[in-house]
Protein chains: 2
Amino acid sequence: MPTATPVLGLRERNRLRRTRRVERAALALALEHGVDDVTVDMICEASDISPRTYFNYFGTKEGALIGPAPSTPDEAFVEEFVHGRGPIVEDLMLLIARGFFATEPDREVFAMRRELYAKEPSLQALQVTRMAGKRQATAELVRRRLADQHPDMPATEASDEAQLVMSVAFGAFPVISRLWIEQSGDEAEVETYIHAAIARIRRIVSP
Amino acid sequence: MPTATPVLGLRERNRLRRTRRVERAALALALEHGVDDVTVDMICEASDISPRTYFNYFGTKEGALIGPAPSTPDEAFVEEFVHGRGPIVEDLMLLIARGFFATEPDREVFAMRRELYAKEPSLQALQVTRMAGKRQATAELVRRRLADQHPDMPATEASDEAQLVMSVAFGAFPVISRLWIEQSGDEAEVETYIHAAIARIRRIVSP
DNA sequence: CCACATTCTTGCAGTCACTGCACTTTTGCG
DNA sequence: CGCAAAAGTGCAGTGACTGCAAGAATGTGG
């Protein structure tokens, strides 16, 4: 067995098929009528699922539109980050990006989502809000790295510094993902975009 | 008449008094029970106002908690920014901060809000979401400044650069406002915090 | 001080997102 | 096949929010 494909049971295959069917229906409706003019009931009728089940799957009306939350990264990646010594913002963004790619969506869904995001920026704000939930946990990683790297730095200063590292990374992330999505969409190139963006930020904040 | 106090009519005075009464009630309830366990009806009962009127005033349940949206800055400030030549991120943040201070709230309300924000970070995410609405307009200002400053820069590059300037500013803003709120809350010191934060960002992204 | 226009508040009825609970169906497994 | 666990669904309810139209408060010109 090359990669992790644990021969999904019927149960999981059904779940996956359903998820995709609902996502496609939801995205198609949202693209046609606009997010605000689509109701959960419409999505459910179009995808032949009960509203109750819809919420079991996606939690919120927008859940099927914005896709699953990025998963928490592997322990190995986390360790690599915490003990890394490269440029901290780049390393952090790579870590985030990896979580982003861990959940591989259906190609068609991916394309529709891309189109919808361009049309309705409010969804991006939603993404940010959801990310904010993970922010706490991620900030903790940054603090661990700072402590590991500068054992002499006072705690409060490290905390502030961690906050700012997070700000820059999370702030630049939408820009990078937009560029990346619009231009290639190829996972291998993410790193390039990250480096380019950070270089630009460096120039921007330089006197 | 020293400052602009255009002798409010009875109508406006009533509105102001009401607004403050409702805000206080809402904040007190949210501080006591937590935002999620407070209903609009509770707020209305506590502040003796009809739910319909509540929504006329604040639009959303959280409206009374997070306060009014920062107003669009004066034309004069905008021009100053567009033709400014200082460090662009600092200038932008000052512009945003000014909009923030233009709507002066009641002292007591301000203090309660400060406390609530510390207790419920989700409200900060809400702020960000609301700000996102103004993002488009603000990005346009940044583009104007870039065009003014670098007439030779290609449009797409300027657009990307504007996005990144926005990212850094909006990303760092919550951090700065947190520091400022926690430590002094004095308008005059905002500038200091902004400079300090940018200096730190510079260090962070430097190789 | 009094009509009259304007503006604001309010009640009502309705829509929609979302949830807990209990019931049925589906699936995995011995 | 038969049974237990898991998943889907219907139902009833809560709570945010909206449009509408009636009623109250306010500002204004006489």
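The values are calculated or read from the model by the stated rules, or taken from the named source; none is laboratory data. Everything quoted here is computed from the prediction, not taken from an experiment. Using ideal geometry, Cβ is built from the backbone for each residue, glycine included, and neighbour counts are taken over all protein chains shown.
The residue pairs whose first member lies in the stretch B:36-54 and is within 9 Å of B:A26 (Cα to Cα), whose second member is near DNA strand D (Cβ under 7 Å from one of its atoms) and part of a helix (DSSP H, G or I), and whose beta carbons are closer than 8 Å, counting only pairs six or more residues apart or on different chains, are B:V40/B:P51; B:V40/B:F55; B:C44/B:P51.
Have a look at B:A137, B:A97, B:A46, B:A125 and point out the one that is under 30 Å from B:E32 (Cβ atoms), in a helix (DSSP H, G or I) and in the same structural domain as B:R178 (by TED's automatic domain parsing). Steps first, answer last, please.
Numbers: B:A137 fails: under 30 Å from B:E32 (Cβ atoms); B:A97 fails: under 30 Å from B:E32 (Cβ atoms); B:A46 fails: in the same structural domain as B:R178 (by TED's automatic domain parsing).
Being under 30 Å from B:E32 (Cβ atoms), in a helix (DSSP H, G or I) and in the same structural domain as B:R178 (by TED's automatic domain parsing) holds for just one of B:A137, B:A97, B:A46, B:A125, which is B:A125.
Screening A:R11 with (1) modelled with pLDDT of 95 or more; (2) within 16 Å of DNA strand D (Cβ to nearest atom) gives one miss only, at (1).
Please tell me if B:D41 is outside the structural domain of B:F110 (by TED's automatic domain parsing), within 8 Å of DNA strand D (Cβ to nearest atom) and among the acidic types (D, E). In short, yes. Picking from residues in the stretch A:44-79 that are over 17 Å from the mean Cα position of the chain (by Cα) and among the acidic types (D, E), the one that is nearest to DNA strand D (Cβ to nearest atom) is A:D48.
Given the residues A:L92, A:L141, which is the only one that is of a type in the set (A, V, I, L, M), within 14 Å of another protein chain (Cβ to nearest Cβ) and touching a residue at least 60 places away in the same chain (Cβ under 8 Å)? None of the others qualify; the one that does is A:L92.
Could you tell me how many of the residues in the stretch A:161-178 are aromatic (F, W, Y) and facing another protein chain (nearest Cβ under 7 Å)?
Within the stretch A:161-178, the first condition is being aromatic (F, W, Y), and the residues that meet it are A:170, A:173.
Still in the running and facing another protein chain (nearest Cβ under 7 Å): A:170.
Residues in the stretch A:161-178 being aromatic (F, W, Y) and facing another protein chain (nearest Cβ under 7 Å): 1 in total.
Can you pull out the residues in the stretch A:7-24 that are within 11 Å of DNA strand C (Cβ to nearest atom) and either part of a helix (DSSP H, G or I) or crowded, with 19+ Cβ neighbours inside 10 Å (or both)? Listed by number, the residues that qualify are A:L10, A:R11, A:E12, A:R13, A:N14, A:R15, A:R17, A:R18.
In this structure, is A:P51 within 23 Å of A:P174 (Cβ to Cβ) and not β-branched (V, I, T)? Judged against the criteria, A:P51 is not a match.
Exposed (fewer than 14 other Cβ atoms within 10 Å of the Cβ), within 14 Å of chain B (Cβ to nearest Cβ) and modelled with pLDDT under 85, is that true of A:G133? For A:G133, the condition - exposed (fewer than 14 other Cβ atoms within 10 Å of the Cβ), within 14 Å of chain B (Cβ to nearest Cβ) and modelled with pLDDT under 85 - is met.
Taking A:V175, is it β-branched (V, I, T), assigned to a helix (DSSP H, G or I) and modelled with pLDDT of 90 or more? Criteria not met by A:V175.
Output the number of residues of the stretch A:66-84 satisfying the condition of being part of a helix (DSSP H, G or I) and in contact with an Asp or Glu (Cβ under 7 Å, 6 or more places away or on another chain). Qualifying residue count, the stretch A:66-84: 2. Selection within the stretch A:25-38: residues that are surrounded by 13 or more Cβ atoms within 10 Å (Cβ to Cβ) and either within 14 Å of DNA strand D (Cβ to nearest atom) or in a loop (DSSP other than H, G, I, E, B) (or both). The member of this set that is nearest to the other protein chains (Cβ to nearest Cβ) is A:V38.
Might you check whether a residue that is more than 18 Å from the chain's Cα centre (by Cα) and among the charged types (D, E, K, R) occurs anywhere in the stretch A:123-135?
no
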